[in-house]
Amino acid sequence: MCGIFGYVGQPANVGGAVLDALRLLEYRGYDSWGVAVGDGASIAVEKQTGKIGGAAVDFADTDIGFGHTRWATHGGVTRPNAHPHVGPNGRVAIIHNGIVENFRPLRDGLVASDHAFASETDSEVIAHLLEAEVDAGRALAPALAAVFARLDGLNAVIAMDIETRELVAAKTVSPLVVGSGPSGLTVASDAIALAGHADRVLYLDDHHLVRLAHGGLTLFDRRTMTELPAEFVPLEIDAGDASLGGYPHFMAKEMAEQPAVLDRLLRDGGDQIGALARAIGGANGTFLVGCGTASYAALTGAYLFSRIARHHVNFVVGSEFKYHEHFLAPGSLVVALSQSGETADVIEAMLAARRQGSRLGALVNAARSTLDRMVDLRVHLGAGPEQCVLSTKAYTAKVAALLLAAHHLADTPERGRELVQAAAAGLREMLDEGWVDGVRNVARDVQHANHLFVIGRGLAYPTALEAALKIKEVSYVHAEGFAGGELKHGVIALVQPGTPCVVYAPNDETRADILSGAMELKSRGGHIIGIGPTPDPVFDVHLSTPDVADAAPIVNALPAQMLGYHLALLRGNDPDKPRNLAKSVTVK
Ligand code: F6R
């Protein structure tokens, strides 16, 4: 949450370059944005509320600058609350991702010494504290080390000193990467923003502090301020990953990429998935942990291991995990599922698991992310960057990886591969224009609904939860997913004539019961949208999916993704940047 980017190098249109980099980081937050550059001996700042869109900044060419795209935590979405924040004397400025949990006492202390604040943010205290250190004669690097040590929470900060024309950056959990290229040095929340600036990248650890100056880069251990060797690796970003590639939105592009993502997982994932399956088989209890969409993939995994491998795995939502840590033992295995590998609630869960001596594993899309680097064993999903805030292709990759792992554990790996191949082929057929038209028609039918319900049983229950999340977060239609059997325990009270009810009816042992649930909904006037391989008279409309047995959660994700997408378009929403959301939730 919040994207930050900084540049020190050859004089150029730094303001424009920073703004372009912020566009690539906007998935991390789009409430407001701001850019600051060295303008001679002073810092020039431009800030605006709202998305960047086609905005431009009008700064002279310069050698240093940075910028921020915000997901508001402390303080409303206003210009003064947008970053960068400049120190009282205008010598230093900062950009910040995270929450300074102890900002209140820090701010009170500063106010007591006559500091006047321009914003309501927690972040501005950093600018004030830092400038006080620099004014007292400290260089920017030790000054930031001293200030950073006083901040509670998960934070990433980039600071600029206009007198020395340098940037200094440090982080705790919130990600930061440094790029090195022919025209200069860059630092950002995500390597994708380094594209076009850098050919090598350095992934910062929590004890690192880095100084970017015209003389080059210096890496410190911020606890001792001793110098460390900087170990850069080649930057592997495919320019196509950051572009729409002819699609109108990243959501459309990423939905369409799903079959190829499954092919890649089948081609490259075998060894890692086999190792994960063996670890689950040998563990003294396994917990699958994730947030939001990743949590529904994790719950799907619990069903898959039960029905395929006759093996119990536990499922816990990331933010609730710390309340379960008492059950962990040194032989336990905790496997986090995460697209970004940076979700704070998940990282915190893993830190708790590590404290208990458990083994750590991950299904992670972003290689070299915090999660990827902290675990003992990992499955790289290889889905490529997700630029849309909604998770689509990483979700199906997680479910496919868990299906393959369950079949490994059951000693039927070939069956797992066949099912994932069938799901990839099925998704390719569904992405055909005729099928998509069918979903578009459903979206037209339900676009004015206030509420929508989704039901599924067994393996389709977590799919129903995921479907409801996908639909609501992008369309803003209130959508809730339920276990089909729970209807009569309360939910049915909400169904009125015309209420859209999505019913997952796969050809498995749940079909008869879920269809009778659909009948109960229809008797109350519910408009039944059936999803599954076989039509049924109870359906008012049928969205057909291929019959792929236990791979059904993979193909069943697409109708809800597509319905959410078309509802968003019909309702005038931006599918890639839904309101109030951000990708990579690095705050708790
Ligand atoms: C929903 C969505 C979120 C994420 C969740 C976890 O479409 O994208 O619910 O799934 O924030 O994110 P990761 O997978 O990055 O840990």
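The values are calculated or read from the model by the stated rules, or taken from the named source; none is laboratory data. Predicted model, so just to flag it, every value in this text is computed and none were measured. Cβ: placed from backbone, ideal geometry, glycine included. Neighbour counts: every protein chain shown. Protein only, heavy atoms only, side chains kept; ligands, DNA and RNA dropped before computing areas. Shrake-Rupley method; radii C 1.70, N 1.55, O 1.52, S 1.80 Å.
Going by what's in this entry, would ALA397 be described as farther than 21 Å from GLY153 by Cβ, within 16 Å of the ligand (Cβ to nearest atom), outside the structural domain of GLY29 (by TED's automatic domain parsing) and part of a loop (DSSP other than H, G, I, E, B)?
Details: farther than 21 Å from GLY153 by Cβ: yes; within 16 Å of the ligand (Cβ to nearest atom): yes; outside the structural domain of GLY29 (by TED's automatic domain parsing): yes; part of a loop (DSSP other than H, G, I, E, B): no.
No; evaluated as a whole, the condition is false for this residue.
Let me confirm something: among VAL157, VAL168, which residue is buried (at least 24 other Cβ atoms within 10 Å of the Cβ) and within 17 Å of ILE99 (Cβ to Cβ)?
Criteria check complete, one pass: VAL157.
Can you say whether THR392 is away from the ligand (no atom under 11 Å from the Cβ), buried (at least 23 other Cβ atoms within 10 Å of the Cβ) and of a type outside the set (Asp, Glu), as far as the supplied structure shows?
no
Going through the range 359-380 one residue at a time, which ones are among the β-branched types (Val, Ile, Thr) and either closer than 21 Å to ALA283 by Cα or away from the ligand (no atom under 12 Å from the Cβ) (or both)?
Scanning the range 359-380 gives VAL364, VAL375, VAL379.
Which residues, taken from the range 323-358, are touching a helix residue (DSSP H, G or I) at 6+ places or on another chain (Cβ under 8 Å), open to solvent by 10 Å² or more (accessible area, probe 1.4 Å), more than 16 Å from the ligand (Cβ to nearest atom) and of a type outside the set (Asp, Glu)?
Passing the criteria: LEU328, ARG354, ARG355, GLN356.
Is it true that VAL261 is within 16 Å of the ligand (Cβ to nearest atom), open to solvent by less than 40 Å² (accessible area, probe 1.4 Å), under 14 Å from ILE554 (Cβ atoms) and at pLDDT 95 or above?
In short, yes.
Would you tally the residues in the range 308-321 being within 16 Å of the ligand (Cβ to nearest atom) and touching a helix residue (DSSP H, G or I) at 6+ places or on another chain (Cβ under 6 Å)?
Here is the first cut: in the range 308-321, the ones within 16 Å of the ligand (Cβ to nearest atom) are 315-321.
Next, from what is left, pick out any that are touching a helix residue (DSSP H, G or I) at 6+ places or on another chain (Cβ under 6 Å): 315, 317-319, 321.
Number of matching residues: 5.
Name, by its number, the condition in (1) within 19 Å of SER295 (Cα to Cα); (2) crowded, with 22+ Cβ neighbours inside 10 Å that does not hold for ALA505.
Checking ALA505 against (1) within 19 Å of SER295 (Cα to Cα); (2) crowded, with 22+ Cβ neighbours inside 10 Å, the one that fails is (1).
Got a number for residues in the range 98-132 being of a type in the set (D, E, K, R), assigned to a helix (DSSP H, G or I) and buried (at least 19 other Cβ atoms within 10 Å of the Cβ)?
Going through the range 98-132 one residue at a time, the tally reaches 3.
Answer yes or no: is there a residue in the range 295-307 that is within 18 Å of the chain's Cα centre (by Cα), within 15 Å of ALA394 (Cβ to Cβ), open to solvent by 30 Å² or more (accessible area, probe 1.4 Å) and within 13 Å of the ligand (Cβ to nearest atom).
There is at least one residue in the range 295-307 that is within 18 Å of the chain's Cα centre (by Cα), within 15 Å of ALA394 (Cβ to Cβ), open to solvent by 30 Å² or more (accessible area, probe 1.4 Å) and within 13 Å of the ligand (Cβ to nearest atom).
Take ALA277 and decide whether it is within 16 Å of the ligand (Cβ to nearest atom), among the aliphatic types (A, V, I, L, M) and at pLDDT 95 or above.
Here the answer is no, as ALA277 does not meet what is asked.
Can you work out which of the residues in the range 473-490 that are in contact (Cβ under 8 Å) with a residue 60 or more places away in the chain and not polar (S, T, N, Q) is nearest to the ligand (Cβ to nearest atom)?
Here the residue is GLU473.
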